[in-house]
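The values are calculated or read from the model by the stated rules, or taken from the named source; none is laboratory data. From a predicted model like this one, the values you see are computed outputs, not experimental measurements. Counting neighbours? That spans all protein chains shown, and the Cβs are built from the backbone with ideal geometry, glycine included.
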Amino acid sequence: MPVPDPRHGRPATRRARAAAAVLLVLVATLPAGAQTPPAAAPATKPAPERTPPASSALDAPLFYQLLIGEIELRSGQAGTAYEVILDAARRTREEALFRRAMEIALQARAGDQALAATRAWRQTLPQSADALRSQLQILIALNRPRDTVEPLRALLAVATVAERGGLIASLPRFYERTDPAVTEELLQDALAPWRDVAATRLPVRLTLARVALARDQGERALALAREAAALEPGAIGPALLGLELMATQRPAESLVTDYLARPEAENALRLAYVRALSQAQRYAEAVVQLDIATRLRPDEPLPFLSLGALQLELKHPREADAALRRYVELVQRAVPAVPSAAPKPTTDPAPARTTEQAETVDDDEDGPGSAAQGLTQAWLMLAQAADQRGDFKAAEDWLARVDDPKRALEVQTRRATLLARQGKLAQARELIRQSPEREASDARAKLLAEAGVLREVKRWRDAFEVLASANQRYPGDADLLYEQAMMAEKTDRIDEMEQLLRRVIELKPDSAHAHNALGYSLADRSRRLPEARELIKRALELAPNDPFITDSLGWVEYRLGNREEALRLLRQAYAARPDPEIGAHLGEVLWAMGQRDEARRIWRESRGREPDNEVLRETLARLRADL
């Protein structure tokens, strides 16, 4: 039977039927009592104990009013539909109808009408948190942040004690598109009543600190974070904010370390701190934190993988090997379906077999897929650790485990490096050249790989020629030009190196490596030292806290005669990254300043890490230092 059209008394069209369907969905959102249909005729023998049904808000007039509203909307009369539904909302005091009126206005891009609907909603139901939230959202969408103070205060007032702290903490994200200065002004006002309440004093200060951080007011943000930490020692919030502030406010790190010193400290924050230290190339400190994390959670695999990677960076192959083997053991214990980790002996450096392409490892995923990819990473690093120990056969055994087409060229490059170090250079180069090219970028990658193998065995001139050929084939490639510049420097083609690096800077003005390389090269030769310093300072602006760039700046200060500043910078660089080349520079400055016992200690440490380091050997020979 067609649904009658209440306006014209004739059967409804398909549009009306669709409107009726929308109406049914709307009615379903009403409270249970409002959805109860009118009572049916009583049964012949009614049960005397039955409770009479509750009277329904959805009587016939309301039903037809809602239906008319939806039909008007379907007919393109959004304004009429809005008025009809809003009138029904006021009469019934139903939140679902206020929300529907607001949605109709928003769909029609009538922001002022949507706002009026939320105001009517609040007037009818003053304690409705949904009405307040909706009003806040519409005011922000209309770019009227100053008008949000009153509804925000009201929302905080009606929120429960359990909800209020989370609501306050969410405000910086809610106002993220608002001018931070305006946000700070209105939040200072709205949050004032809650600043010293026990349940909210912490989130208020952290929220205001994040707003200050958005205004680039790092010192103020840090002061507020410290207030919060003092009010509630052991709270994780100030430590999390400290992690964000570390890049610009070094003292903020104490918020993190103080928290991590507590027995109840969350391991997840420790691992986040490790990531921050690693990004700043403070690998030695990151290793200390990972050692703690692995002792606290000895059955959690991923920290062992990170620990192995960092130990390799620090050239501690035995420690790396131990951490990586523990990772493999834990993964295989958790997911027995992954391949066995025991390396298969092999004497033939043939290309690794390939299977279906695997996805990138995701630290948050579990299961055989992600575990297999983690094992691939571990095997590659175990091969690198064996290589660092000079155990070429063990390295090849680990490489033989890798069965991933994405890593095929990487595996072949490492095999080639092993061959080159054993004096089989021609075989090494041929191994890379014969690697299949599955993608268009593989040809370029093979040229870089071949140059990398030649660089590993100090065949600078051959590497330069390979890169020169690559740059002819791929003109304007900043990465290839940079690599060629480094080989030009090794072969004493200083003018050509400078020309290539300036071309890189022209192509990539934000290349910290190019600025640093050119500045360091000039400083090392005591040429145009003021220009060298400016180049290195620019590199440090592009890559703050990079220990190698800090080393370069320390070195140019030494060449300029500023020994105290040079010593400060080089100590900072060596503490972050005890690299043999940085150690060579630090030792030389200490030697020149008469602190020769400490210089010898630094040099011995550096030689223990990398006995054949060229810069260290040249420094010791030139200074005739006896260790």
Within the range 561-600, residues being among the polar types (S, T, N, Q) and part of a helix (DSSP H, G or I) number 1
Using the structure shown, decide if Asp179 is over 29 Å from Leu224 (Cα atoms) and of a type in the set (Asp, Glu). no
Per the filter on the range 130-157, residues surrounded by fewer than 17 Cβ atoms within 10 Å (Cβ to Cβ) and small (Gly, Ala, Ser) are Ala141, Ala157
Would you check which residues across the range 158-172 are surrounded by fewer than 17 Cβ atoms within 10 Å (Cβ to Cβ), of a type outside the set (A, V, I, L, M) and closer than 17 Å to Ser128 by Cβ and list them? Thr160, Glu163
Can you confirm whether the range 356-366 contains a residue that is surrounded by fewer than 19 Cβ atoms within 10 Å (Cβ to Cβ), at pLDDT below 95 and outside any loop (DSSP other than H, G, I, E, B)? no
Consider only pairs whose beta carbons are under 8 Å apart and that are at least six residues apart or on different chains; among these, list those whose first residue lies in the range 83-107 and is on the phi > 0 side of the Ramachandran plot and whose second residue is at pLDDT 90 or above. Arg93/Thr124; Arg93/Leu125
Within the range 167-178, identify whether any single residue is farther than 22 Å from Thr118 by Cβ and under 32 Å from the mean Cα position of the chain (by Cα), and answer yes or no. yes
Test Leu418 against the stated conditions and say whether it is more than 23 Å from Leu314 (Cβ to Cβ), buried (at least 16 other Cβ atoms within 10 Å of the Cβ) and out of contact with any Cys (no Cβ under 7 Å at 6 or more places or on another chain). no
Checking Ala621 against (1) in a helix (DSSP H, G or I); (2) in contact (Cβ under 8 Å) with a residue 40 or more places away in the chain, the condition it does not meet: (2)
Taking the range 114-123 as the search range and keeping residues that are more than 14 Å from Arg100 (Cβ to Cβ) and in contact with a helix residue (DSSP H, G or I) (Cβ under 6 Å, 6 or more places away or on another chain), which one is surrounded by the fewest Cβ atoms within 10 Å (Cβ to Cβ)? Arg122
Please work out which one of (1) surrounded by fewer than 22 Cβ atoms within 10 Å (Cβ to Cβ); (2) more than 22 Å from Leu500 (Cβ to Cβ); (3) at pLDDT 95 or above is the condition Glu534 fails and give its number. (2)
Counting only helices (runs of 4 or more DSSP H) wholly inside the range 172-244, the ones holding at least 3 residues that are touching a Phe, Trp or Tyr at 6+ places or on another chain (Cβ under 7 Å) and either among the β-branched types (Val, Ile, Thr) or more than 24 Å from Asp258 (Cβ to Cβ) (or both) are none
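Let's see how each residue does on (1) without any contact (Cβ under 8 Å) to a residue 40 or more places away in the chain; (2) surrounded by fewer than 23 Cβ atoms within 10 Å (Cβ to Cβ):
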| residue | (1), (2) |
| --- | --- |
| Ala383 | yes, no |
| Ala395 | yes, no |
| Glu430 | yes, yes |
| Ser435 | no, yes |
| Arg444 | yes, yes |
| Ala451 | yes, no |
| Glu456 | yes, yes |
| Phe464 | yes, no |
Just the residues that are under 13 Å from Ala116 (Cα atoms) and among the small types (Gly, Ala, Ser), please, taken from the range 126-142. Ala131, Ser134
Test: Arg250 is at negative phi and modelled with pLDDT under 95: yes
Sole miss for Glu264 among (1) assigned to a loop (DSSP other than H, G, I, E, B); (2) of a type in the set (Asp, Glu); (3) within 25 Å of Arg173 (Cβ to Cβ) is condition (3)
Is it true that Ala352 is hydrophobic (A, V, I, L, M, F, W, C) and modelled with pLDDT under 75? yes
Would you confirm, using the coordinates I've provided, whether Glu557 is within 37 Å of the chain's Cα centre (by Cα), farther than 25 Å from Ala286 by Cβ, surrounded by fewer than 15 Cβ atoms within 10 Å (Cβ to Cβ) and free of Cβ contacts under 8 Å to residues at least 40 places away in the same chain? no
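Taking only the range 295-315 into account, find how many residues are within 22 Å of Arg577 (Cβ to Cβ) and either without any contact (Cβ under 8 Å) to a residue 12 or more places away in the chain or touching a Phe, Trp or Tyr at 6+ places or on another chain (Cβ under 6 Å) (or both).
Residues in the range 295-315 being within 22 Å of Arg577 (Cβ to Cβ) and either without any contact (Cβ under 8 Å) to a residue 12 or more places away in the chain or touching a Phe, Trp or Tyr at 6+ places or on another chain (Cβ under 6 Å) (or both): 5 in total.
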Positions within the range 405-444 being of a type in the set (Asp, Glu) and part of a helix (DSSP H, G or I), in sequence order: Glu410, Glu430, Asp442
Leading residue by the ranking (farthest from Ala252 (Cα to Cα)) among those in the range 271-289 that are over 13 Å from the mean Cα position of the chain (by Cα) and free of Cβ contacts under 8 Å to residues at least 24 places away in the same chain: Val288
Is there any pair with a first residue in the range 490-511 that is under 21 Å from Val615 (Cβ atoms) and among the hydroxyl-bearing types (Ser, Thr, Tyr) and a second that is surrounded by fewer than 16 Cβ atoms within 10 Å (Cβ to Cβ) and modelled with pLDDT of 95 or more whose Cβ atoms are under 9 Å apart and which are 6 or more apart or on different chains, and what are they? Thr491/Arg461
The conditions are (1) assigned to a helix (DSSP H, G or I); (2) within 29 Å of Ala159 (Cα to Cα), and Gln127 fails exactly one of them. Which is it? (1)
When the range 277-294 is checked residue by residue, the ones that are part of a helix (DSSP H, G or I) and within 15 Å of Ala576 (Cα to Cα) are Leu277, Ser278, Gln279, Tyr283, Ala284, Glu285, Ala286, Val287, Val288, Gln289
Check on Arg326, surrounded by fewer than 22 Cβ atoms within 10 Å (Cβ to Cβ) and at pLDDT 95 or above: yes
